[in-house]
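Remarks on the structure that follows.
The values are calculated or read from the model by the stated rules, or taken from the named source; none is laboratory data. Keep in mind the model is a prediction, meaning the values are calculated, not measured. Cβ placement follows ideal geometry from the backbone for every residue including glycine, while neighbour counts extend to all protein chains displayed. Accessible surface is based on the protein model in full, side chains and every heavy atom, while ligands, DNA and RNA are left aside. Shrake-Rupley method; radii C 1.70, N 1.55, O 1.52, S 1.80 Å.
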Amino acid sequence: MDIKLTKHDKRYIEGTDDVYSIMQRVLLRDNQIDQEKEHLWMIGMNQAGYILYLELIALGSYKSVDVEPMNVFRVAVMKNASRVILVHNHPSGSLTPSDADKDITDRLIQVGRILNIDLIDHLIITPKSYISFRSTKLMDELEQSLKYVPTYQVVERIRKEEKLIAKEKLAVERDKTKTAQQKAKEIKVKAETEKKILITALLEKGVSVEDIAKILGITVKAVERVLGKEG
């Protein structure tokens, strides 16, 4: 449902306070019964931050709201929005993001990437206050998540990392100074850490250790060593 902005509402988003200023008034315009239900809104903007639309995506119960990712981005695609902000309220008054709040944000970040639409923030609001996923660094954490990244993209990332590491090692070989040797050590630690993260992500997607070994071109024991399963 399209929500009309009033003459008091800004048309440009410059920060989270602007978002809350608009959404607080939208929430307070609801009747008392609807205020006690969870709402999910989306604000669509162009690259300059001009608001193209404000839509109520879903209206749920007092403690949850069902979200279908493609419905969330339907209007964004039609309106040619390049950036969007997700907003939902907690009738309980709590501003603590639930696991479900984090999970749907994680999913929507990936859907947005496929559609070339940036989900730049997610706000949880009450009539008196709000919390921003971006301001609390939670958005940064979710943007690094591999949970909903397709397996083939994780594999591509592994291969890109390996090529970069190989290039850095070659540069180190050409410069045998003490500084270069220290850098080589740092590269090795970074490589092992990154590889462990990516291997773990593949395991969570159901890829077997044997298949991971084939993808990386290493032995099963080498994979287990990275995971710390072998002494």
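Some points to look at:
- Residue pairs, from the table Lys137/Lys196; Lys137/Lys221; Lys79/Lys128; Lys137/Lys205; Lys37/Lys102, whose Cα atoms sit over 29 Å apart: Lys137/Lys221; Lys79/Lys128
- In terms of its C-alpha gyration tensor, the range 28-169 has a prolate overall shape, because the principal axis ratio a/c (a ≥ b ≥ c, square roots of the eigenvalues) is not below 1.5 and a/b outweighs b/c.
- Rounded FRET efficiency, nearest 0.05, which uses the C-beta distance separating Ser145 from Lys37 and R0 of 35 Å: 0.75
- Averaged over residues, the count of other Cβ atoms within 10 Å places the peptides 11-18, 116-123 in the sequence 116-123, 11-18, highest first.
- In nm, spacing of pseudo-spin labels at Lys214 and Ser98 (7 Å Cα→C-beta vector): 4.1
- In sequence order, the range 20-29 has phi-based couplings of 5, 4, 6, 6, 4, 5, 4, 5, 6, 6 Hz under the Karplus curve 6.51 cos²θ - 1.76 cosθ + 1.60, θ = phi - 60°, and Gly or Pro positions carry x.
- Measuring only protein heavy atoms, the 1.4 Å probe finds Lys79 accessible over about 110 Å².
- Note on Ala166/Lys137: beta-carbon distance plugged into 1/(1 + (r/R0)^6) with R0 of 35 Å gives a FRET efficiency of 0.65.
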